[in-house]
Each structure stands twice: as structure tokens, then as C-alpha cells.
Amino acid sequence: MVSDKVVFLGSHKTAGQTDPLAALDAWWRGLCKGRIMPLRDEVDPAALSRNLDRVCLIERIAPRQARFRLAGQNLAAILGMDLRGMPVSCLFEPSARAALGDALAVLFDEPARTELRLSEPPSAFRTPVTARLLLLPLRGRSGEPDRAIGLLDPGAATVTQRLRIEGADHRTLIGCATRPDPVDAPFAAVEKARSIAARRAGFRVVD
């Protein structure tokens, strides 16, 4: 259920903090309320109004694929069309789509906070454009992380071509919860197994 309290992305900015990705991250963490991720139904579009032209909501449709459920005007302008229902891969060059599939798999399977470093193909008539795309997982009604909220930040530039992926940064959410949530039990089990494996890796067999 959506909270009555609307927290605007811009309200997280302080003096010297103008990074829209940091603002989205802070807003998302506020929705978590100690859980590893918020529910899709807790995302209130009113809270995104100040950056809605750069925001997207994506839905997982296969292990390495997702489609747009919502895409702001700046994203739609890249292809000159409404992106709702389109695969996320449509914004990327064919050569980048394997890396995109890897990133989507980590985003939903780990699950993880995922930030992609992007660029446009070089052009003789434009200054090279770089951008960042932050994707933050959301739990769907099934209880699985099958949605994500994202924001594309090209800085002061405008993206007009399909993008390349220059790199990806992932931050696992396993072990980040500060309060119990029954639906997080499978992820807690994964964290416990990792902890046991790490301890065992430190054991030394003595003859």
C-alpha cells in the first residue's frame, strides 16, 4: 500500500549534492524501511515528478530480459517513440546487449543495486556523450524482485543515439536488511550459506 507521505527526489539533495542518481538512491532506501528492497506498490509516481522525464520502470520478462512499463520523455526521445512495452535492449547497440543481459541478471537474481556507465557511439559532429543508468530492484506482487526503478543521467548532454555499455557496478543487497521480513527469507538463507562458505574457505586441513 502506498504511504500517505510523499517524499520528493529533490528533497534528498543537500548543498553540494546535485546528483540525481544519488537522490533516487536515497529515496529508494527510504522506501526500504530496513528491508532489502521496497515493494512495487510502494512506489508513488508523485514522488518522482521532479525527475520523471528521466525515470523508467522496468519489468523482468525472462532471466536476462526486461521491458519498459514506464519511460520518461528523455528516454522516449532517444528513439522518438513511446517505450512502454518495448524491451530495455532497444536503447542499446546490438554489441551492448549481452552486457545488458548480464546486468539485468545480477539486478534481479542477486538482487543488487546496479549502475551502468554508458556512452554514445563517437560522432564527428558532436562532443562525446556519456551517461549513467541506475537500476534499483523492487519486489512485485509475487514476492520476487521482478520490477526495477531506474534513472538515466546524461549530465548536461542529450542522448540521441542507442547506447554502449562501458562498465557496470553492482552492489549486492544480500545482508543489507536491518529488520526481519518474511519474504526476505530466501535471501537470508543465501547470505547464511555464503557466510559458512567463507568461513570454510579459511580452514586449513592438517595431516
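The values are calculated or read from the model by the stated rules, or taken from the named source; none is laboratory data. Bear in mind that the values here come from a model prediction, so they are computed numbers and not experimental data. Note that we place each Cβ from the backbone using ideal geometry, even for glycine, and neighbour counts take in every protein chain shown.
Here's a check for you: in segment 138-174, which residue that is part of a strand (DSSP E or B) and hydrophobic (A, V, I, L, M, F, W, C) is nearest to residue 90 (Cα to Cα)?
Among residues in segment 138-174 that are part of a strand (DSSP E or B) and hydrophobic (A, V, I, L, M, F, W, C), the one nearest to residue 90 (Cα to Cα) is 163.
What is the residue count in segment 23-60 for residues that are of a type in the set (D, E, K, R) and in contact with a Ser or Thr (Cβ under 8 Å, 6 or more places away or on another chain)?
2
Which of the residues belonging to segment 112-129 are crowded, with 17+ Cβ neighbours inside 10 Å and either among the charged types (D, E, K, R) or modelled with pLDDT under 95 (or both)?
113, 115, 120, 129
Condition test on residue 135, is it crowded, with 22+ Cβ neighbours inside 10 Å and in a helix (DSSP H, G or I)?
no
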